[in-house]
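Engineer: If you scroll down you'll find the structure; I have some questions about it.
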Amino acid sequence: MIVRKLDQIRGTEREVKAKTWISARLFVRDDRMGFSLHETTMLAGTETRMHYKNHLEAVYCVGGKGSIEVIATGEVFQISDGTAYALDKHDEHILRAETDMRMICVFNPPVTGQEVHDETGAYPLIPETTEASKTTENRSA
Ligand code: 9YT
């Protein structure tokens with residue numbers, strides 16, 4: 001059993017701050033669940049273009065409001081507490097936050113926690129290390 005609290009993640013390397021968002025990674029690849037679980041706050045008044053070519057992502061909004069634009073179709077969906085979306089086609093999209101938006105995100109494959117958005121708004125796939133080194137990874141971080 002692994003139990004984590006946001007309070008334990010704030011201010012550590014598992015909390016990543018970008019210009020338009022702050023994300024706490026509750027579970028990452030090292031936890032060996034097959035997905036990663038994040039709480040991302042999209043900051044009020046910002047827009048973020050993303051394209052996760054290498055990952056599937058599902059997002060559930062539990063606070064705040066804004067919208068998502070699907071680049072391929074031009075569709076815009078309003079997002080508020082209780083709205084979920086799945087980027088099942090690796091959809092390129094723009095998130096616009098009217099207020100701070102509290103988003104619970106799941107990534108498959110899991111992120112390692114070290115990724116940064118590349119110039120296209122994607123995260124690279126980071127190759128697994130050897131079996132030997134996996135056993136020495138720190139699960140308590
Ligand atoms: C809401 C959203 O798009 N979250 C993406 C994940 C976040 N950028 C992170 O944890 O890296």
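Since every read-out is calculated from the coordinates, none of them should be taken as a lab result. Just so it is clear, the structure is predicted and the values come from calculations on it, not from any experiment. Ideal geometry is used to build each Cβ from the backbone, glycine not excepted, and the neighbour counts take in all protein chains shown.
Engineer: As a footprinting exposure proxy, order Arg32, Arg102, Arg96 by other Cβ within 10 Å, with the fewest listed first.
Structural biologist: Working: Arg32 12, Arg102 15, Arg96 18.
In order of increasing Cβ crowding within 10 Å: Arg32, Arg102, Arg96.
Engineer: If you look for lysine pairs in the chain that are eight or more places apart or on different chains, how many of them have Cα atoms under 21 Å apart? Write out the running numbers ahead of the final one.
Structural biologist: On the way: Lys5/Lys17; Lys17/Lys65; Lys19/Lys65; Lys53/Lys89.
Step by step, the pairs that qualify in the chain add up to 4.
Engineer: By count of other Cβ within 10 Å, fewest leading, how are Val16, Val3 ordered?
Structural biologist: So the ranking, lowest neighbour count to highest, is Val3, Val16.
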